[in-house]
Every structure is written in C-alpha cells, then in structure tokens.
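The values are calculated or read from the model by the stated rules, or taken from the named source; none is laboratory data. Bear in mind the structure is a predicted one, so any value in this text is a computation, not a measurement. No Cβ is skipped: glycine too gets one built from the backbone with ideal geometry, and neighbour counts run over all protein chains shown.
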Amino acid sequence: MSQRGFTLLEMALVLTVVGLLIGGGLLAVGPLIDKTNTTKTNTNMDQVENALELFVIRNARLPCPADGSLPAANANYGLEQPAGGAGCTVATTNAVIPWRTLGIDESYSLDAWGSRFTYFASQNGTAGALTSATSGTPALSHSGATYPAGTFMTVTDVRSVTQPVTPTTGSDQAAYVLISHGKSGWYGWGKSGVQHAASYAGGAKSCNNNPGACTLAANSYFTGNPTGGYPPSSNAYFDDMLRWRSPAFIIQLCGPGSCGN
C-alpha cells in the first residue's frame, strides 16, 4: 500500500504557519529581553552607587572618573585620574566610573548591553569641565555662606527640556551623575576602550557624553523615559538611564568634615 506524501502547496502552508509562530514568538521575547537587561542594569547601578557612598564615607570626597578609552593593559585602567582626586584630569567625553578605585568587580561597571557607565563628579570649575584649569578636587563643602558650597550639575527632563527640580541652591542639583547609554549604546565605552559611535549625532544622548557642547540646554544632563522606537531613526531617540544624588546627600555621608575642600 503506497503512502501519500505532502504536496508542495501543503508544505508551503506548513512553512507559513511555522514562520508565523516563530515570528510571533520573537516579538514576544524581545520586550522580555529588554526588561531583563533594564533590570540587570539597574542592579549594577545600585552596586556602583553603594560603592560611591562607601567611598565618600571613607575619603570625604567623590572619586574622579576613570578614562574609558584605556585598554585593559594600561596601568590606569579602571582607576580614577589622578590617584587621590587632586584635580580630575580625564576628558569629559572619556569619563567612566572608576571601578577599581571603588573596589568593585569590573562587571558592575558595565550595563547589560556591554557599555561602561559614564560618570561625572562635581568640580570647582565649570560643571562637567573635567579638564578645566580651574577644576580641582570635587567641590562639596560644609563651609561658607552657601550650603552646600560648590559648582554642581543640572539634570534636565528629556521630554519637556526642563529641570526636574528648579535649582535654587546646590541642594537642588547633582553632585554626580551616573549614566547607562541604553540599548543603542551610543557614546558608551566598551571594555576594549572603543567608544560606540552614534548613528545620528546630536540630541540629548550627545549631551550625556559632552554636556559642555549640549545645544538643548547648557551644561545639562538628560534623564527621562525612552523616546522614539528601536532601531533609532533620528537623534531624537533617547534610551539613557541616569542616576544622580544631591550635594546635601553626599555631604551628610562625610560626617563632621568637609567633602573635598
């Protein structure tokens, strides 16, 4: 007795149904992967912030950034520059979290997409100008007529282009910012010391890499919910994740002494 096989039409129908099932499954898995990566990134940022707080308690100052462009073979890989924090020397666009100085595993210095966390600390000079001739040890102080004293950073909402809290004193601004460059990775530094290029220059993501050249809001760092679909189609796309703490919060960790002066 002969057995009847599939006709070409039947095989085509089966392949079509299988393709639709696989496609639907991939569409469902994509958001789940994004959520998992976001959770992992937030967990790593928690570890970094805990280490920053402990560093402030022990040293009465914030650390300077490390240089994201350095390869693993460089002796200063992952270390604040300079050692001891006396006048941060890393270029703004290269500033990443100094994980070795903080004493944490290198894996915590990366987001779930493999980019190093960008990190800026408040300076005596212009906010964000880490190579300024007037910049020095991160400026947080109990002393002086203004409490806290120092030049701090402004955090701006990416959708409204307004500050989440209108700054009147340093207490309303940021003593440091910690940034994940998100799924796109634009402007983030990889482990190899190579910076991920942006498909579209400018926009809020570029400000989080070089705030001094920001055309949206002078010397501002951007935060807020993602804007635009993935993959990006313009520089209006934004997927950065930003954390910051006020100077008053950091100063409280220092106890009776000054933070950085």
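Of all residues in the range 80-92, exactly one satisfies the criterion of being surrounded by fewer than 19 Cβ atoms within 10 Å (Cβ to Cβ) and either in contact with a Phe, Trp or Tyr (Cβ under 6 Å, 6 or more places away or on another chain) or closer than 19 Å to residue 188 by Cβ (or both), namely 91. For the range 76-134, a residue qualifies if it is of a type in the set (A, V, I, L, M, F, W, C), under 21 Å from residue 243 (Cα atoms) and either modelled with pLDDT under 80 or not in a loop (DSSP other than H, G, I, E, B) (or both), and the qualifying residues are 95, 96, 99, 102, 110, 120, 121, 127, 129, 130. Tell me whether the range 25-34 contains one or more residues that are of a type outside the set (Ser, Thr, Tyr), at pLDDT 75 or above and loosely packed, with under 11 Cβ neighbours inside 10 Å. Yes, the range 25-34 contains a residue that is of a type outside the set (Ser, Thr, Tyr), at pLDDT 75 or above and loosely packed, with under 11 Cβ neighbours inside 10 Å. Per the conditions (1) under 23 Å from residue 69 (Cβ atoms); (2) modelled with pLDDT under 90, the sole criterion not satisfied by residue 247 is (1). Give the range 42-52 a look and list any residue that's surrounded by 14 or more Cβ atoms within 10 Å (Cβ to Cβ) and more than 12 Å from residue 101 (Cα to Cα), or say none. Result: 42, 44, 45, 47, 49.
Taken over the range 232-249, the criterion of being charged (D, E, K, R) and either surrounded by fewer than 20 Cβ atoms within 10 Å (Cβ to Cβ) or over 17 Å from the mean Cα position of the chain (by Cα) (or both) is satisfied by 245 alone.
For (1) charged (D, E, K, R); (2) surrounded by 21 or more Cβ atoms within 10 Å (Cβ to Cβ); (3) modelled with pLDDT under 90; (4) part of a loop (DSSP other than H, G, I, E, B), each residue gets a yes or a no:
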{"site": "200", "(1), (2), (3), (4)": "no, no, no, yes"}
{"site": "205", "(1), (2), (3), (4)": "yes, yes, no, no"}
{"site": "212", "(1), (2), (3), (4)": "no, no, yes, no"}
{"site": "230", "(1), (2), (3), (4)": "no, no, no, yes"}
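For the range 174-189, the set of residues classified as part of a loop (DSSP other than H, G, I, E, B) and closer than 20 Å to residue 46 by Cα consists of 175, 181, 182, 183, 185, 188, listed by residue number. Residue 61 fulfils the conditions (1) at pLDDT below 90; (2) surrounded by 10 or more Cβ atoms within 10 Å (Cβ to Cβ); (3) assigned to a helix (DSSP H, G or I) except for a single criterion, (3). Considered as a group, the residues in the range 173-198 that are of a type in the set (A, V, I, L, M), under 19 Å from residue 64 (Cα atoms) and more than 10 Å from the chain's Cα centre (by Cα) include one that is surrounded by the most Cβ atoms within 10 Å (Cβ to Cβ), and that residue is 175.
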